[in-house]
1. If you check PHE46, PHE56, which single one turns out to be more than 27 Å from GLY420 (Cα to Cα) and in contact (Cβ under 8 Å) with a residue 60 or more places away in the chain?
2. Could you say which residue among ARG293, ARG359, ARG299, ARG341 is touching a helix residue (DSSP H, G or I) at 6+ places or on another chain (Cβ under 9 Å) and of a type in the set (D, E, K, R)?
3. Do you know which of the residues in segment 379-408 that are surrounded by 10 or more Cβ atoms within 10 Å (Cβ to Cβ) and β-branched (Val, Ile, Thr) is modelled with the highest pLDDT?
4. Select, from ALA190, ALA181, the only residue that is touching a helix residue (DSSP H, G or I) at 6+ places or on another chain (Cβ under 9 Å), part of a helix (DSSP H, G or I) and under 21 Å from GLY227 (Cα atoms).
5. Filter segment 146-166 down to the residues that are basic (Lys, Arg) and in contact with a strand residue (DSSP E or B) (Cβ under 9 Å, 6 or more places away or on another chain), then identify the one that is surrounded by the most Cβ atoms within 10 Å (Cβ to Cβ).
6. Within the group ALA437, ALA423, which residue is at pLDDT below 85, within 24 Å of LEU39 (Cα to Cα), surrounded by 12 or more Cβ atoms within 10 Å (Cβ to Cβ) and of a type in the set (Gly, Ala, Ser)?
7. Can you confirm whether ARG431 is in a loop (DSSP other than H, G, I, E, B), assigned by TED's automatic domain parsing to the domain that holds THR115, modelled with pLDDT under 90 and loosely packed, with under 15 Cβ neighbours inside 10 Å?
8. List the helices (runs of 4 or more DSSP H) that sit entirely inside segment 78-162 and contain at least 2 residues that are within 27 Å of the chain's Cα centre (by Cα).
Amino acid sequence: MEIGPLHVDATAESISEMDRLGDEIAELSAHLDAATARLLDLIREFDAGGGWNNGFSSCAHWLSCRAGIDMGAARERVRVARALGVLPRLADALARGELSYAKVRALTRVATPETEERLLAVGKAGTACHVEQIVRGWRRVDHLAEARETAHRQKSRALHVYQDVDGMVVVRGRLTPEVGAVLMQALAAARETLYQRARGTGAPAIPAADVPAETPSMAQQQADALGLLAETALRHGIDPGAPGERYQVVVHVDASVLANPEEAGQSVLEGGTHVSAETSRRLACDATRVIMRHDADGRIMEVGARTRTIPPALRRALYHRDGGCRFPGCGVSFGQGHHIRHWANGGPTTLSNLAMLCRRHHRAVHEEGYQVERWPDGELRFTRPDGRPLHNVPLPPAVPDDPVQALRARNEAAGLHLHGRTACPGWQGERLDVGYAIDVLHPRAIGR
């Protein structure tokens with residue numbers, strides 16, 4: 001049995017009908033693009049106002065849960081919405097249905113306020129495929145330029161240390177941006193230790209001989225801070241230590257404060273920095289615990305053995321059961337064990353009293369007023385700080401009976417008169433020379 005090509009006998013009526021369908025498809029696509037522009041405006045305003053920050057980790061996370069958008073597509077919507085905030089020409093072309101969302105999405109990967117006008121011309125003249133090709137070529141030029149700049153920075157790094165004729169030591173150098181950022185942060189921390197804390201407490205943070213009576217200039221403070229960094233490195237060694245000890249956070253908290261955050265008592269980090277009682281309760285939910293008993297004068301009378309709040313076997317069972325963060329809409333596959341009824345209040349460390357929460361939502365439950373409880377059927381129920389329930393599946397939005405007609409009416413009310421030729425490119429079939437186009441358009445390529 002042979003299957004040959006499909007033959008359709010075209011008549012004037014069938015051709016006219018296909019043309020009509022084609023125009024309707026193109027017109028409706030323009031309406032959708034205009035509506036997408038409005039959607040992106042709303043997303044940008046919502047993102048800037050922090051409307052998503054009610055238990056969600058990002059605006060994209062909120063969109064994924066509330067609007068049913070894939071996380072990758074949601075991140076892209078937020079990225080494009082933010083970019084269009086400083087690219088008014090592209091935003092206007094999308095709002096008028098003259099550029100498709102696909103073209104705008106591609107152009108916003110490379111467009112800047114300086115290059116927006118010429119890239120808008122590319123979008124109007126070429127097809128979506130042409131635009132993608134131009135953007136890929138544009139980014140190649142950017143990457144090559146960045147690679148050359150990075151290589152130049154790495155090659156030009158240097159640090160010169162020498163003794164001047166008067167005995168002073170001169171330090172002069174150029175550091176790569178990331179190393180320079182580390183040095184600047186370290187110098188800022190050392191300056192704070194030397195001066196700001198000393199002024200705040202009325203006593204110097206280091207021996208008084210190292211801190212002059214008068215307030216030094218910023219340059220002098222930087223010099224003193226560099227000296228402190230060198231002394232600290234020599235005193236404690238260059239090796240930062242084992243990862244487990246290096247990143248260990250120690251919190252000292254009274255048992256009464258753990259049981260009731262309203263109680264008076266200490267809740268401080270190892271260095272003396274105060275943290276809220278709820279922060280201590282969150283950290284104590286899933287941590288190593290050492291119980292110390294003090295007498296009335298504060299002297300340590302007894303130190304218990306170090307134990308894990310959640311034993312390893314129970315933790316494996318928790319991970320197997322929950323599979324990730326249980327906060328509604330969260331897709332993070334790892335997290336921390338949360339005691340639904342805190343162990344400091346007599347809650348048992350059992351599977352039924354535990355729930356896995358990611359770091360962001362563990363903080364939301366402890367410090368931001370969100371509540372979670374397990375109902376008799378075993379299901380978790382989350383509520384907002386104002387008591388409203390958080391649904392695992394958001395309620396569906398209201399949709400008009402004829403959404404297409406409603407969309408057309410909305411765009412026409414906004415003064416948009418869209419048709420099948422609104423978004424047609426100016427391309428007339430000529431071959432696209434990407435290399436020549438990039439040489440003409442890209443600022444880093446012009447004049448090479």
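1. PHE56
2. On the way: ARG293 fails: touching a helix residue (DSSP H, G or I) at 6+ places or on another chain (Cβ under 9 Å); ARG359 fails: touching a helix residue (DSSP H, G or I) at 6+ places or on another chain (Cβ under 9 Å); ARG299 fails: touching a helix residue (DSSP H, G or I) at 6+ places or on another chain (Cβ under 9 Å).
After ruling out the rest, the residue left standing is ARG341.
3. Here the residue is THR383.
4. None of the other options fit; the residue is ALA190.
5. Out of the qualifying residues, it is ARG153.
6. Working: ALA437 fails: within 24 Å of LEU39 (Cα to Cα).
One residue alone meets the criteria, ALA423.
7. Details: in a loop (DSSP other than H, G, I, E, B): yes; assigned by TED's automatic domain parsing to the domain that holds THR115: yes; modelled with pLDDT under 90: yes; loosely packed, with under 15 Cβ neighbours inside 10 Å: yes.
Considered against the rule, which asks whether it is in a loop (DSSP other than H, G, I, E, B), assigned by TED's automatic domain parsing to the domain that holds THR115, modelled with pLDDT under 90 and loosely packed, with under 15 Cβ neighbours inside 10 Å, ARG431 comes out as yes.
8. On the way: elements: 88-95, 101-107, 116-125, 128-156.
Output list reads 88-95, 101-107, 128-156.
The values are calculated or read from the model by the stated rules, or taken from the named source; none is laboratory data. Keep in mind it's a predicted model, so treat the numbers as computed, not measured. In this analysis, Cβ positions are derived from the backbone assuming ideal geometry, glycine residues included, and neighbour counts consider all displayed protein chains.
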